[in-house]
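Below is one structure, written out as structure tokens, with a few remarks after it.
The values are calculated or read from the model by the stated rules, or taken from the named source; none is laboratory data. Keep in mind that this is a model prediction, so the values were computed, not measured. Positions of Cβ are backbone-derived with ideal geometry, glycine not excepted, and every protein chain shown enters the neighbour counts.
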Amino acid sequence: GINAEYGKQWYQRRVRGGFNTTGASPGANKAQNNRPESLSPVTNCMVRRAVHNADKDMFVFKENIDLHLVEMVGYIMDITEGSTCYEYHICDRTAPEPLYIRKFLNDNDDASALPRSNCYVRVVGHLRFVKEQPSIMAFSIKEIKSHNEFLFHRLSVVRFMCGKELTPKLGSKLAASGGVSSAGSFNNNNGGAAQGDGSSMPGMTMTQTKVYNALKKCSPDNQTGLSVRDIQSTTTMPMNDIRVAIEFLSNEGHIYSTIDDEHFKLTDHC
């Protein structure tokens, strides 16, 4: 049966960070294509119904929901193991065909630790258009041990969609009454990570490593993650250098924004 206590704890960890809505006001310019993306919980059906914009290399679902950095939970139907890349076909029973997933192996990846067939996994990565169909270029594939995680992923998808559909309506009402956007009320900064140890990581500059280490020392239970100013206070680096490092780490899939475009968490902590 389902472990209710485990489900409660897992839900409390993810209910804020995983169901992010944008912290920008409804009238804000959405043309900030270079800003770090939030993690969007999705299903195979959502990905397949999303429209691919080749000019901007992005996917749009239901006309106003941009999908880029995504999370999906499903069952491994097939796997092809290569020397530099693992190719998965993952099914979550929301579409007839499984979704194509690719995981390239880095120097520090342990191939023997990657999930194999006949298990449920959580995939985090970027949406791409490969072989004339949508796919996920994964940077994290982890086996899940409890059915609760599958159930709560589905709940996170529902809440994510409800939030995206309701935010513009609520925002327009608040704007008309002179109020602030409701998303802004969730800006609860619980920052305060310890300073990074300064050790270099493969493929990263020292600045990027320091930002990564600062976020790594933030507790996974801290739903808001760290703000940019928190990172600056722990690393004592120039703000511009920190923002450049954040953009790199986000584009590489190491981090994602939480309550707004100023707060971030490691994807390994999601």
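With the condition kept exactly as written, say whether any residue in the range 196-218 is more than 21 Å from LYS142 (Cα to Cα), among the hydroxyl-bearing types (Ser, Thr, Tyr), at pLDDT 50 or above and in a helix (DSSP H, G or I).
The answer is yes, given that some residue of the range 196-218 is more than 21 Å from LYS142 (Cα to Cα), among the hydroxyl-bearing types (Ser, Thr, Tyr), at pLDDT 50 or above and in a helix (DSSP H, G or I).
Can you name the number of the only condition in (1) among the aliphatic types (A, V, I, L, M); (2) more than 19 Å from GLU252 (Cβ to Cβ); (3) in contact (Cβ under 8 Å) with a residue 24 or more places away in the chain; (4) out of contact with any His (no Cβ under 8 Å at 6 or more places or on another chain) that VAL124 fails?
The one condition VAL124 does not meet is (2).
I need the full set of residues from the range 37-63 which are surrounded by fewer than 13 Cβ atoms within 10 Å (Cβ to Cβ), at pLDDT below 85 and more than 23 Å from GLU247 (Cα to Cα), in order please.
LYS62, GLU63
Taking only the range 46-74 into account, find how many residues are farther than 16 Å from ARG102 by Cα and of a type outside the set (Lys, Arg).
17
Report, by residue number, each residue of the range 219-245 that is farther than 20 Å from ASN106 by Cβ, touching a Phe, Trp or Tyr at 6+ places or on another chain (Cβ under 9 Å) and modelled with pLDDT of 85 or more. Give the derivation first.
Kept after step one, since they are farther than 20 Å from ASN106 by Cβ, are these residues of the range 219-245: 219-244.
Checking the rest, the ones that are also touching a Phe, Trp or Tyr at 6+ places or on another chain (Cβ under 9 Å) come to 224-228, 231.
Passing the criteria: GLY225, LEU226, SER227, VAL228, ILE231.
Given the criteria of a type in the set (Asp, Glu), under 15 Å from the mean Cα position of the chain (by Cα) and part of a helix (DSSP H, G or I), does ASP230 qualify? Steps first, answer last, please.
Values: of a type in the set (Asp, Glu): yes; under 15 Å from the mean Cα position of the chain (by Cα): no; part of a helix (DSSP H, G or I): yes.
Spelling it out, it is not the case that ASP230 is of a type in the set (Asp, Glu), under 15 Å from the mean Cα position of the chain (by Cα) and part of a helix (DSSP H, G or I).
Filter the range 236-264 for residues that are crowded, with 21+ Cβ neighbours inside 10 Å and polar (S, T, N, Q) and give the result.
Residues satisfying the conditions are SER250, SER257, THR258.
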